[in-house]
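The values are calculated or read from the model by the stated rules, or taken from the named source; none is laboratory data. Note that this is a predicted model, so its numbers are computed, not measured. Counting neighbours? That spans all protein chains shown, and the Cβs are built from the backbone with ideal geometry, glycine included.
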2 protein chains.
Amino acid sequence: MKLKLDIMIEEEQQRMTMELEKYLKSLSMPKRLQESTMYSVNAGGKRLRPLLMKLAAKGLNGNEERVYPAALALEMVHTYSLIHDDLPAMDDDMYRRGQLTNHKQFDEATAILAGDGLLTNSFHVITSNSQYTDEEKVFLIHRLSKASGLEGMVAGQLMDMEAEDKQVAIEELENIHLLKTGMLLTYALEIGAYLAGASTEIISKITELGKYVGLIFQIQDDILDVIGDQELLGKTVGSDMENNKTTYPSLLGLDGAIEHKNRYVKKAKGIIESVHLKETELDLIIDYLSNRKY
Amino acid sequence: MKLKLDIMIEEEQQRMTMELEKYLKSLSMPKRLQESTMYSVNAGGKRLRPLLMKLAAKGLNGNEERVYPAALALEMVHTYSLIHDDLPAMDDDMYRRGQLTNHKQFDEATAILAGDGLLTNSFHVITSNSQYTDEEKVFLIHRLSKASGLEGMVAGQLMDMEAEDKQVAIEELENIHLLKTGMLLTYALEIGAYLAGASTEIISKITELGKYVGLIFQIQDDILDVIGDQELLGKTVGSDMENNKTTYPSLLGLDGAIEHKNRYVKKAKGIIESVHLKETELDLIIDYLSNRKY
């Protein structure tokens, strides 16, 4: 079963990269814009969001293939957010996943525009697809724009930057994470359940699960910044401390952060059990996220 | 009739500023993000796109009120594009409409995020509105994301930057303008006609009109950069020449540019006559755009 998850993750990575490439190649755009967007979608990445969407749909007996356009749109939004987050005015990162960040490989203007374009076209992907009814398209866009917009991811990124160079309380830290990464992860699960035709009650539980997934992911991120392997991670270790960022380990200590994470793992598994998804891949992925090395 | 247009323009400016403010105030977001987005939507502006949308709907006997959510979304996309275009990595502008650009008033990171957020939430505005059917919402978003995305405005901005410091032929110059500004202006007219329930034939003519409106607007922009009044314009005159940009006057001379513009005015009026909009405000606005001083 563990092996099965590994294979599934790898297959999902290949599939999503293929979907992203196919879509971008289908567009008529200036060469440099094509190269820049293609560069970032080809930069690998865990494809965690598409995977979560697919596993939620699969676990709830939905048609997995139906999630692809929505998952593609979501991964485009995620990719845009990484390109913009890496910009000099934001996190000023030189490397991402072991290769130069978009603005280092190209230039800042191109990176800004590539991000803007990926974001904008994510909505076009959804409206262009004939698999979804109009009602589904509207729901997908309504939730995606909420999760990633002024009340979601964008707010989280701003709050994250404002929190730099000062210590914030754990409640504020969690709120930032819920906005900055949690809402898109939650979206992945929510839409997987929605497209599987799950009941409102199930969708609402799956949505709650999304919050824990986001927090587990983030706590592990913080932990890896302390004890991770730089080569495996493809990015500099210790940058949080260097940037004087509040993290779970800085607030709770390393052991405290691990304990905190384990509490969320338990809560997540409780929800999974309550919606009868125990011993599905969705169950396994919680351990995977909690124990990941990169 | 001229006076009537002036009053209408002013009313539209007030109405759109009110709609933008009302919407942004309804959102729960970090203070700095609220201030930054509010700053840019309050920076005035001609509100040309909402006005065109409304006049197209009105001219074709549609219900003017129905255009507002779509016009609000469009103006948000336009505002985002100005914030990002002004960034140091892009056009590096210090002033816009006589006040500091967003990144000068706040900072670059905030300006990038304010732009990202306005863009994202423009789609949320459309899906949130109960005036439109799902079919209409999908159409509005489908066309808006096309006009402003990787095959539209974003492509135009990249091409515009690539064309800096070199002379380009008039065909390329027009192509850049059609992408960079033409597609959103066309969208305004197209959606006005669509929401008025116009026939496919009429919508297609109105869409063609959008191209001429965009080019007339741009030629006049170039002309004003040569002979405009700095105070009226609220921005530096002569910056195109200083930046060695290809413009209509640089390619055709000032008189040639004016002649070129007049040819488009004639074509635009031909279309207006063909769809029986002569002597409506849509007709008058062509002269207004062609002769504007700021």
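Quick notes on this structure:
- Among residues of the range A:116-145 that are in contact (Cβ under 8 Å) with a residue 12 or more places away in the chain, those with a Cβ under 6 angstrom from a residue that is among the hydroxyl-bearing types (Ser, Thr, Tyr) and surrounded by fewer than 24 Cβ atoms within 10 Å (Cβ to Cβ), sequence gap 6+ or separate chain, pair up as A:118/A:79.
- Selected residue [β-branched (Val, Ile, Thr) and within 27 Å of residue A:130 (Cβ to Cβ)] from A:79, A:101: A:79
- Residues of the range B:249-259 classified as more than 23 Å from residue B:92 (Cβ to Cβ) and surrounded by 19 or more Cβ atoms within 10 Å (Cβ to Cβ), total: 1
- Qualifying residue in the range B:16-38 (condition: among the polar types (S, T, N, Q), within 17 Å of residue A:149 (Cα to Cα) and surrounded by 23 or more Cβ atoms within 10 Å (Cβ to Cβ)): yes
- Residue check for residue A:148: of a type in the set (Ser, Thr, Tyr), under 24 Å from residue A:36 (Cβ atoms), modelled with pLDDT of 95 or more and surrounded by fewer than 24 Cβ atoms within 10 Å (Cβ to Cβ): no
- Scanning the range A:224-246 for residues that are aliphatic (A, V, I, L, M) and either crowded, with 20+ Cβ neighbours inside 10 Å or in contact (Cβ under 8 Å) with a residue 40 or more places away in the chain (or both) yields A:224, A:232, A:233.
- Within the range A:44-62, the set of residues being in contact with a helix residue (DSSP H, G or I) (Cβ under 6 Å, 6 or more places away or on another chain) and in a helix (DSSP H, G or I) comprises A:49, A:50, A:51, A:52, A:53, A:54, A:55, A:56, A:57, A:58, A:59.
- Of the listed requirements (1) among the aromatic types (Phe, Trp, Tyr); (2) modelled with pLDDT of 95 or more; (3) closer than 23 Å to residue B:75 by Cα, residue B:264 misses just one: (3).
- Scope the range A:66-123; condition among the polar types (S, T, N, Q) and either more than 23 Å from residue A:236 (Cβ to Cβ) or in contact with a His (Cβ under 6 Å, 6 or more places away or on another chain) (or both); matching residues: A:110, A:120, A:121, A:122
- Within the range B:267-285, considering residues that are under 21 Å from residue B:222 (Cα atoms) and at pLDDT 95 or above, the one surrounded by the fewest Cβ atoms within 10 Å (Cβ to Cβ): B:267
- For first residues located in the range B:194-208 and closer than 22 Å to residue B:133 by Cα, partners that are surrounded by fewer than 17 Cβ atoms within 10 Å (Cβ to Cβ) and lie 6+ apart or on another chain with Cβ distances below 7 Å form the pairs B:196/B:61.
- Checking the stated criteria, residue A:100 turns out not to satisfy the condition of being modelled with pLDDT of 95 or more, more than 10 Å from chain B (Cβ to nearest Cβ) and within 14 Å of the chain's Cα centre (by Cα).
- Filter pass, residue A:8 being free of Cβ contacts under 8 Å to residues at least 40 places away in the same chain and out of contact with any strand residue (DSSP E or B) (no Cβ under 8 Å at 6 or more places or on another chain): no
- Selection from the range B:81-97 of residues that are facing another protein chain (nearest Cβ under 8 Å) and crowded, with 22+ Cβ neighbours inside 10 Å: B:84, B:87
- Breaking point among (1) surrounded by 13 or more Cβ atoms within 10 Å (Cβ to Cβ); (2) over 22 Å from residue B:51 (Cβ atoms); (3) out of contact with any His (no Cβ under 9 Å at 6 or more places or on another chain), for residue B:160: (3)
- Residue count for the range B:113-142, restricted to those that are aromatic (Phe, Trp, Tyr) and either more than 8 Å from chain A (Cβ to nearest Cβ) or more than 19 Å from the chain's Cα centre (by Cα) (or both): 2
- As for the range A:182-192, it holds no residue that is surrounded by fewer than 22 Cβ atoms within 10 Å (Cβ to Cβ) and either more than 14 Å from chain B (Cβ to nearest Cβ) or closer than 26 Å to residue A:253 by Cα (or both).
- Every residue from the range B:160-181 that is within 14 Å of chain A (Cβ to nearest Cβ) and either more than 19 Å from the chain's Cα centre (by Cα) or under 12 Å from residue A:30 (Cβ atoms) (or both): B:160, B:161, B:162, B:163, B:164, B:165, B:168, B:172, B:175, B:176, B:179, B:180
- Where residue B:145 falls short, out of the listed (1) touching an Asp or Glu at 6+ places or on another chain (Cβ under 8 Å); (2) within 7 Å of chain A (Cβ to nearest Cβ): (1)
- Residues (hydroxyl-bearing (Ser, Thr, Tyr) and farther than 20 Å from residue B:159 by Cα) located in the range B:213-245: B:236
- When B:66, B:32 are screened for being basic (Lys, Arg), assigned to a helix (DSSP H, G or I) and under 30 Å from residue B:278 (Cα atoms), only B:66 passes.
- Scope the range B:264-294; condition under 17 Å from the mean Cα position of the chain (by Cα) and either over 27 Å from residue B:233 (Cβ atoms) or part of a loop (DSSP other than H, G, I, E, B) (or both); matching residues: B:292, B:293, B:294
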